């Protein structure tokens, strides 16, 4: 099942994101369940959140992945929405 994680950073948390980016990317690679991912950007070109599409067995697996993400552990996110997603185009 494909699951979208829509994560919005806390205001002013760009430093937290930058400090944990290497660990976050390594985690995404090592887990092998990331189908598609990338940051949301503001008008100044700064990262402000993340869209991660996971290919996992169920929503519980997506929640577990999200909770173990180094970004989440560092307290980066103001909110995280986890929603089943269906690929139609692309």
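Every number here is computed from the coordinates shown, using simple stated rules; none is lab data. Treat the numbers as computed from the prediction; the structure is a model and nothing was measured.
Remarks
- When only Cα pairs below 8 angstrom with a gap of at least 6 residues are kept, the chain shows a relative contact order of 49 percent.
- Placing one equal scatterer on every Cα of the chain and applying the Debye formula, the log10 ratio I(q)/I(0) at q = 0.13, 0.17 Å⁻¹ is -0.39, -0.68.
- Nearest 10 degrees, 0 to 90: helix 59-68 Cα axis against the chain principal axis: 30 degrees
- The chain: angle of helix 14-31 to the longest principal axis, Cα-based, in degrees nearest 10: 20 degrees
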